[in-house]
């Protein structure tokens, strides 16, 4: 059986509530990859922690990515709401835009970032 790449483990699945979210940083230097994972039922998705409206991180405190009353992702800066499964903005200043998805899988009880994802902030985020 293939070993799990510990450098790509975001978190144990049991650390994510249902619904739940958790932020992560991977990589080194000034511009590591900053993202978050969300769980809703059996679905686990990951996104770059970057609002498509103004470029700010979505959370204002660690791991606070979800709206309080619905299984939606909330941008704490301007109140935009995003679907957990697709990253599509349903309301707010970036209505119709999407969060940038990151491929992940659940293996042996861990949420793992795909090997194809560079461990640095995407160059086209405009910072």
Quiz item: Over what distance in Å are the Cα centres of the stretch 28-60 and the stretch 71-105 separated?
Solution: 10 Å
Quiz prompt | Residue among 98, 108, 39 with the largest mean-square fluctuation in a Gaussian network model of the chain, springs linking Cα atoms under 10 Å | solution = 108
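Return the tail of the calculated pair distribution for the chain, meaning the percent of Cα-Cα pairs more than 25 Å apart. Intermediate results must be reported in sequence, preceding the final value.
Values: 1579 of 8001 pairs.
Tail of the P(r) past 25 Å holds 20 percent of the pairs.
Bear in mind that the values in this text are calculations on the coordinates, not laboratory data. Note that the coordinates shown come from a computational prediction; the quantities given were computed from them, not determined experimentally.
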